[in-house]
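Here the structure is laid out as structure tokens; the discussion comes afterwards.
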Amino acid sequence: MSYNIYHNLLIKASPKQVFDAVSQPEHLNNWWSLKSSGKPELNSEYNLNFTDKYNWYCKVSKVKVNASFHLKMTESDEDWLPTTFGFELEPKENGTYLRFSHQNWPEINDHFKHSSFCWALLLNGLKNYLEKGVVIPFESRA
């Protein structure tokens, strides 16, 4: 059995702006990672660096430009290793409805609960980044 995290939110930005913010390294670094690299292409490798200790890798497992972007972890801590997280985007009259999922957690442990909380904070940071141009310094993020 595995466990999943889900968060949904409306962002007052176009699907292209949201897609770029969740898939382009220069945007990821403004709301999530310290530094990252990768291209939003199927099977492309991403490096998500949060510190030297948390320097993780994943591969694009699903991508549809301006609509869907998912990454499967390939090198990370043990709890994250079997997981896939992603963003489904739906255009709305007043923005983009983002459906976030982080799936296949091996257990509901403290790390799962902490990660769910952090994702909520980070997704709020993504929303503020796109709607207001707010970039929270890396050290102050979740």
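Please list, in order, the residues from the stretch 16-35 whose amide nitrogen is less than 17 Å from a point placed 7 Å along the Cα→Cβ vector of Phe50.
Answer for this model: 28-35.
Which residues in the stretch 6-25 place their backbone N less than 20 Å from a point set 7 Å from the Cα of Glu41 along the Cα-to-Cβ direction?
Answer for this model: 19-25.
List residues of the stretch 32-46, by number, whose backbone nitrogen lies under 20 Å from a label position 7 Å along Cα→C-beta of Lys59.
Only 37-46 fall inside the zone, counting backbone N under 20 Å.
In the chain, what percent of the accessible surface is made up of carbon and sulfur (1.4 Å probe, ligands and nucleic acids excluded)? If you can, show how the numbers build up before the last one.
Details: 3800 of 7540 Å².
Result for the chain: 50 percent of the exposed heavy-atom area is carbon or sulfur.
How much mean residue ellipticity at 222 nm does the chain get from its helices, if each DSSP H run of length 4 or more adds -39500 (n - 2.57) and you divide by all residues, to the nearest 500 deg cm²/dmol?
Details: 3 runs with 39 residues, N = 142.
Helix-only estimate at 222 nm: -8500 deg cm²/dmol.
Starting from the Cα-Cα distance between Lys132 and Tyr6, subtract it from 0.36 nm times their residue separation and give me the gain in nm to one decimal. Walk me through the numbers before you get to the answer.
Details: separation 126, 0.36 × 126 = 45.36 nm, distance 2.40 nm.
Gain on extension, Lys132 to Tyr6, equals 43.0 nm.
Can you give me the distance in nm between label points at Glu107 and Ala120, each placed 7 Å from the Cα along the Cα-to-Cβ direction?
Label at Glu107, label at Ala120, 2.3 nm between them.
For labels at Tyr97 and Lys16 in the simple 7 Å Cα→Cβ model, what's the distance in nm?
The two pseudo-label positions are separated by 2.3 nm.
Can you list the lysines whose alpha carbon sits under 27 Å from that of Lys64, skipping same-chain ones fewer than 8 residues off?
Within reach: Lys12, Lys16, Lys35, Lys39, Lys72, Lys92, Lys127, Lys132.
If packing is taken as the mean number of other Cβ atoms within 10 Å per residue, what is the order of 62-73, 33-44, highest first? Display every interim value, and only then the final one.
Details: 62-73: 18.0, 33-44: 14.6.
Peptide ranking by packing, descending: 62-73, 33-44.
Please report the relative contact order for the chain, taking Cα pairs under 8 Å with a sequence separation of at least 6, and give it as a percent rounded to a whole number. Can you show the working numbers first?
Details: 296 pairs, mean separation 41.0, N = 142.
Computed over the chain, the figure is 29 percent.
The values are calculated or read from the model by the stated rules, or taken from the named source; none is laboratory data. Here the structure is a predicted model, which is why all the values come from computation and not from measurement. Cβ: placed from backbone, ideal geometry, glycine included. Neighbour counts: every protein chain shown. With ligands, DNA and RNA removed, areas are computed over all heavy atoms of the protein, side chains included. Shrake-Rupley method; radii C 1.70, N 1.55, O 1.52, S 1.80 Å.
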